[in-house]
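Structure record follows, encoded as structure tokens.
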Amino acid sequence: MRTHKDRLRHTLLFECILLAICIPFLSWVLKQPASHIGRLSAMLSLAAMGWNYLYNLLFDHGLKRLGKRFYPRSLPLRIIHACLFELGLLFATIPGVMYWMNYSLLQALALDLSFLLMVPVYTVMFNGCYDKIFPVPTLQTD
């Protein structure tokens, strides 16, 4: 499994790159100042980082309990991993989006659902790159 330090690096890189993509894009699409979208994004990012760390730890322990290999991860497993992560995050973030953007439940859900289409693709690509750049050391057995 990955170390706690590696999980922290993964989480921070994931969120920083995602924020760099999302803030300008959302500001443009929603016709809101980048500062307004940036503060919302920062709050959601903090929630996502906490969930990211916990979710990945639980996911790895689930794989271990099922006797599955951690790495390399197949594309179907990566897709399942990303979608389950986003589904959990969806339920946690809708109230914050409703409050901050003064959106109804349906408006907040629509915004979050748009992320459900984009972020899993980003997640699969990010994690694939991350595993290549920061591979998990393999145990040597003699």
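What to note about this one:
- Residues that are more than 15 Å from the chain's Cα centre (by Cα) and surrounded by 12 or more Cβ atoms within 10 Å (Cβ to Cβ), drawn from the stretch 46-70: Asp60, Leu63, Lys64, Phe70
- Qualifying positions in the stretch 113-142 - hydroxyl-bearing (Ser, Thr, Tyr) and modelled with pLDDT of 90 or more: Tyr122, Tyr130
- Filtered by the rule that a residue be surrounded by 14 or more Cβ atoms within 10 Å (Cβ to Cβ) and free of Cβ contacts under 8 Å to residues at least 12 places away in the same chain, the stretch 114-142 gives a lone residue, Met118.
- Taking the stretch 1-101 as the region of interest, none of the helices (runs of 4 or more DSSP H) fully inside it holds 3 or more residues being in contact with a Cys (Cβ under 9 Å, 6 or more places away or on another chain), of a type in the set (Gly, Ala, Ser) and modelled with pLDDT under 85.
- Check on Leu75, surrounded by fewer than 13 Cβ atoms within 10 Å (Cβ to Cβ) and not aromatic (Phe, Trp, Tyr): yes
- For beta carbons closer than 7 Å, sequence separation of 6+ or different chains, a first residue in the stretch 56-79 that is under 15 Å from Thr3 (Cα atoms) and a second that is of a type in the set (A, V, I, L, M) and not in a loop (DSSP other than H, G, I, E, B), the qualifying pairs are Phe70/Leu63.
The values are calculated or read from the model by the stated rules, or taken from the named source; none is laboratory data. Just so you know, these numbers come straight off a predicted model, no measurement behind them. Note that each Cβ is placed from the backbone with ideal geometry, even for glycine, and that neighbours are counted across all protein chains shown.
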